[in-house]
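*Asks:* Before I ask anything, let me first share the structure, which is written out below as structure tokens.
The values are calculated or read from the model by the stated rules, or taken from the named source; none is laboratory data. A quick note: this is a predicted structure, and the numbers were derived from the prediction, not measured. Note: ideal-geometry Cβ built from the backbone for every residue, glycine included; neighbour counts use all protein chains shown.
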Amino acid sequence: TKAAKQLTETVRAAASVQQPGDVPRKAVVAICAPTRSQTAWRSAAATRVQTTLIPSIERTITAAERERFTIRLHLGISDDDAFWRQHAGALTAPAWLELRPSYHPAQPGRVPFNEMTRKAFDDGAEYVVRINDDTEFVT
């Protein structure tokens, strides 16, 4: 109806109006990587997430992009992964990169891609990219 259309336009216009002193809301980008512990890992520092993925994100996300976007790294982990349950909190990242581990029911032969990306979306992500935990961004 005409009234519903006007209401929609009004809400959109109101949402786009920035008042003096308002901090612009940044769009949220979620980088989603499933990860499973390896028997050789003894600490978070030894993981591919810490040695490869996080450093490559840090090298390739520009200052201008950090101004425009909130960047989150969502790690999809099986709920029976004792290593990650103990060590996920020990991962280190620059202050602008939010680390968000999430635990999903373990299912033989299945990686929780959908659950992990759904969690990112539910947490406010507007842009979602799905990668592996050993991915290295180069540009």
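*Asks:* Taking region 65-89 on its own, how many of its residues are under 22 Å from Asn114 (Cα atoms) and buried (at least 16 other Cβ atoms within 10 Å of the Cβ)?
*Replies:* 12
*Asks:* So if I check each of Thr135, Thr92, Thr139, which one is β-branched (Val, Ile, Thr) and surrounded by 12 or more Cβ atoms within 10 Å (Cβ to Cβ)?
*Replies:* Thr135
*Asks:* Quick one: which strands (runs of 3 or more DSSP E) sit completely within region 50-139 and have at least 2 residues that are at pLDDT 95 or above and within 12 Å of Thr35 (Cβ to Cβ)?
*Replies:* 69-78, 97-104
*Asks:* If you take the residues of region 103-139 that are of a type in the set (Ser, Thr, Tyr) and over 10 Å from the mean Cα position of the chain (by Cα), which of them is farthest from Ser56 (Cα to Cα)?
*Replies:* Among those residues, the one meeting the criterion is Tyr103.
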